[in-house]
Amino acid sequence: MTDTIASPRAPEAPTISGSVRGYAERVRGGDMGALPAVFGLVVLCTVFSILRPSFLTPGNFANLLTQGAAITVIAMGLVFVLLLGEIDLSAGFASGVCASVLAILLTEQGLPWYVAVLAAILTGVVIGAALGTVVAKLGIPSFVVTLAAFLGFQGLVLLLVKGGTNISIRDQTIVAIANKYLPPALGWALLALGVVGYAALQLLRARKRASRGLVSDPIALIAARVGALAVLGGVAVYILNLERSRNPAVVSLTGVPVVVPIIVILLVLGTFVLRRTAYGRHLYAVGGNAEAARRAGINVDRMKISAFVICSGMAAVGGIIAASRASSVDPNTGGSNVLLYAVGAAVIGGTSLFGGKGRVLDAILGGTVVAVIENGMGLMGYSSGVKYLVTGAVLLLAAGVDALSRKRAAATGLR
Amino acid sequence: MTPVLELRGIDKSFGPVQVLHDVDFSVHPGEVTALVGDNGAGKSTLVKCIGGIHAVDSGEYLFDGKNVHINSPRDAAELGIEIVYQDLALCDNLDIVQNMFLGREHRRGIVLDEDTMEEMAARTLESLSVRTVKSIRQHVSSLSGGQRQTVAIAKAVLWNSKVVILDEPTAALGVAQTAQVLELVRRLADQGLAVVLISHNMNDVFAVSDRIAALYLGRMAAQVRTSDGTHAQVVELITSGRSGDLGLTNGVSA
């Protein structure tokens with residue numbers, strides 16, 4: 001009994017300083033979490049705002065959010081696959097295939113938008129089920145399966161859009177997703193709802209745990225979290241509600257982009273699934289130790305297939321957002337750098353490529369970093385070549401941080 | 001006292017290789033039964049037959065005096081038989097509570113009932129007098145070898161199990177941690193569980209066990225009370241299958 005410390009039933013009273021110390025200890029032990037992404041975001045934003053004042057304008061802020069939306073959503077789906085230690089290289093073109101399905105149903109078939117959206121997402125689900133089944137049942141590494149799918153879907157998009165024509169989308173609802181904005185009052189109302197809901201949830205949980213004699217977060221920590229959310233959200237909504245039209249007399253341009261609440265809803269849903277359901281718990285378990293999960297009675301194959309289904313389903317949503325932003329679908333939708341940016345976003349945000357570690361929030365943080373680089377470097381007038389080089393360097397840096405923190409964690413016995 | 005688990009005349013072959021010959025084995029509640037034998041004697045196979053991973057070819061499997069048929073690990077788990085394998089099967093990236101309930105989470109609706117699980121885990125660890133972990137919400141990766149073994153054992157005990165089988169629980173541990181785990185093994189038996197301890201370490205075996213069952217080349221050489229046997233006798237049973245009046249004569253149980 002050399003390492004006796006304390007009874008598990010008599011934990012030290014939780015305090016703010018204790019929580020801060022615990023966090024610092026985790027970071028030093030190699031569990032950096034979102035820290036690198038947040039740090040990178042602050043540095044990038046500072047540099048760009050100093051070098052290009054136009055970076056800080058409300059117009060550019062709104063632009064940045066819609067620019068990064070599609071990649072962020074695809075990255076959110078990728079987190080589920082990465083959690084298992086697998087990868088989906090076809091998510092980009094899967095989003096392209098789904099966007100093509102959407103465009104064809106809207107224009108050639110003239111179906112209503114909700115049918116087209118449903119069909120696009122269903123296409124994603126079928127793609128995911130197929131990929132997952134091949135990976136899980138045949139045991140081909142996901143890298144190879146999805147690389148094949150990457151090539152195949154590229155061809156499928158070409159066939160769907162008939163060899164490279166550009167299908168333009170005129171459906172107002174679809175176009176609105178990435179090109180329209182909420183009324184300012186609605187933006188504030190949604191933020192208030194979100195903050196109050198978050199606060200209520202946190203307080204309720206803390207009270208319930210305290211009443212059962214379990215360790216609960218100190219009230220000051222909850223207040224700090226809720227306060228941070230309110231301040232950050234408040235500043236964002238305030239800026240987005242400023243007039244950003246060059247000529248407000250002709251056309252007014254204010255409000256939160258429609259796509260933002262969509263991403264927030266996906267974030268809340270994804271986080272709920274991963275943190276509060278048995279399914280999410282099992283995903284982490286399979287990613288951490290597949291053999292242990294199997295012995296615990298978890299159907300590992302089914303977990304793999306479902307993760308690919310979620311990934312491709314989210315890719316479909318990303319494809320719809322991309323189609324909306326461009327108001328069209330062409331053979332390059334979801335192509336070129338989309339997939340690599342999405343994987344980069346997830347990894348930069350702190351999701352491990354080795355499985356077992358990651359959050360949906362990571363994808364949003366990483367997606368923002370990628371969007372800021374793309375947007376800021378564009379404003380600075382750099383060519384695409386330089387942008388690719390910088391993004392590649394950042395991805396390598398993020399993967400390096402991941403690998404190094406794992407090494408460090410192994411040394412300190414934490415992960 | 002009737003044994004909680006009793007095997008009679010178990011045979012098991014893998015293809016042309018017969019691994020278990022006519023094995024009798026009984027496990028009593030409140031006792032630690034040490035299962036010893038050299039490498040390849042059939043310890044693992046016997047345990048896997050008990051745990052339902054391998055189906056037996058012939059022989060009787062009695063649980064609580066009743067004949068049962070075990071066809072899958074699930075059947076064994078339902079009877080209350082839990083096996084703690086050598087490689088622990090814990091997920092490093094999950095905390096202690098999450099590991100203990102892995103695959104059998106309590107939920108309310110579709111939401112995990114974390115509070116109940118945390119309480120139950122804490123109560124189980126407390127009942128085992130485990131006081132070595134800082135917080136039951138810490139990740140398993142941050143635990144020492146002995147603590148990990150403790151969690152794995154607590155996980156097995158959590159389910160009101162009647163028989164807990166430990167496959168070399170002290171093989172990778174230091175002196176202090178071995179003592180800690182052996183103490184826990186003894187406590188399990190004192191609580192009325194039937195414990196089967198597979199071990200190569202005679203010191204461990206004599207320290208905690210009530211009975212010793214020695215396998216020799218797939219046959220049960222002898223099952224004796226620990227107090228009746230000596231260190232040397234057991235070693236002889238393991239290495240040659242017989243010792244004085246005990247053990248096999250010409251490959252047949254005496």
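The values are calculated or read from the model by the stated rules, or taken from the named source; none is laboratory data. Please read these numbers as outputs of a predicted model, since none were measured by experiment. Cβ coordinates were reconstructed from backbone atoms using ideal geometry, including for glycine residues, and neighbour counts include every protein chain displayed. Side chains are part of the model used for accessible areas, which takes the heavy atoms of the whole protein and leaves out ligands, DNA and RNA. Shrake-Rupley method; radii C 1.70, N 1.55, O 1.52, S 1.80 Å.
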**Item:** Within the range B:191-254: Cβ-based charge dipole about Cα centre, in debye rounded to nearest 20 (Lys, Arg +1; Asp, Glu -1)
**Value:** 140 debye
**Asked** Could you give P(r) for chain B, binned at 5 Å from zero, as whole percent values over all Cα-Cα pairs?
**Response** 1, 6, 13, 17, 19, 16, 12, 8, 5, 2, 1, 0, 0
**Message:** Given a 1.4 Å probe, show me the residues in the range A:286-326 buried by at least 40 Å² of accessible surface when comparing the whole protein assembly to the chain alone.
**Reply:** A:292, A:295, A:296
**Prompt:** So, with a 1.4 angstrom probe, what is the percent of accessible area on the range B:91-160 that is carbon and sulfur?
**Reply:** 47 percent
**Fill in**
As straight-line cross-link partners of residue B:66, the qualifying aspartates and glutamates (C-alpha separation under 16 Å, not fewer than 8 residues apart within one chain) are B:6, B:24, B:75, B:78
**Request:** Give the distance, in whole Å, between the Cα centre of the range B:139-200 and the Cα centre of the range A:125-187.
**Result:** 50 Å
**Complete:** The size of the Cβ-based charge dipole (Lys, Arg +1; Asp, Glu -1) of chain A about the Cα centre, to the nearest 20 debye, is 1000 debye
**Prompt:** Regarding the range B:75-205, what are the three Cα extents along the principal axes, ordered largest first, in Å?
**Reply:** 49, 33, 23
**Request:** Using the structure shown, select from B:12/B:48; B:12/B:43; A:387/A:407; B:134/B:155 the pairs with a Cα to Cα distance greater than 21 angstrom.
**Result:** A:387/A:407
**Request:** Add +1 for every Lys or Arg and -1 for every Asp or Glu among the other residues with Cβ under 10 Å from the Cβ of residue B:158, and state the total.
**Result:** +2
**Fill in**
Once the mean of 1/r over all distinct C-alpha pairs in the protein assembly as shown is inverted, the Kirkwood radius in Å reads 28.2 Å
**Message:** Before we go on, tell me the buried accessible area for the B/A pair, both chains summed, 1.4 Å probe, in Å² to the nearest 100.
**Reply:** 3500 Å²
**Complete:** Among A:216, A:320, A:56, the residue whose Cα sits farthest towards the positive end of the charge dipole of chain A (+1 at Cβ of Lys and Arg, -1 at Cβ of Asp and Glu, taken about the Cα centre) is A:216
**Prompt:** Could you name the aspartates and glutamates in cross-link range of residue A:180, using Cα to Cα under 19 Å and dropping any fewer than eight places away on the same chain?
**Reply:** A:171, A:243
**Item:** Charged-residue dipole, Cβ positions (Lys, Arg, Asp, Glu), the range B:91-160 about Cα centre, Debye nearest 20
**Value:** 180 debye
**Prompt:** Roughly how many percent of the accessible protein surface of chain A is carbon and sulfur, given a 1.4 Å probe and a whole-percent answer?
**Reply:** 70 percent
**Message:** Out of the total accessible area of the range B:1-81 (probe 1.4 Å, heavy atoms of protein only), what percent is carbon and sulfur?
**Reply:** 48 percent
**Prompt:** So what are the range A:90-149's ellipsoid semi-axes, whole angstrom, largest first, if each one is the square root of 5 times an eigenvalue of the alpha-carbon gyration tensor?
**Reply:** 27, 11, 6
**Complete:** Checking rank on B:213-226, B:48-61, with mean other Cβ inside 10 Å and highest first, the result is B:213-226, B:48-61
**the protein assembly as shown, accessible area per residue, ligands and nucleic acids excluded (1.4 Å, Å²)** = 44 Å²
**Asked** How big is the Cα convex hull of the range B:91-160 in projection, averaged over all directions, in nm²?
**Response** 4.5 nm²
**Asked** Given H placed on each backbone N at 1.01 Å, which residues far from residue A:355 in sequence or on other chains put an amide H within less than 5 Å of it?
**Response** A:85
**Complete:** Check: C-alpha center the range B:44-71 vs C-alpha center the range A:81-118, spacing in Å is 51 Å
**Asked** Among A:148, B:17, A:112, whose Cα sits farthest toward the positive end of the charge dipole of the protein assembly as shown (+1 at Cβ of Lys/Arg, -1 at Cβ of Asp/Glu, about the Cα centre)?
**Response** A:112
**Item:** chain B: most fluctuating residue of B:236, B:119, B:31 per GNM, C-alpha cutoff 10 Å
**Value:** B:119
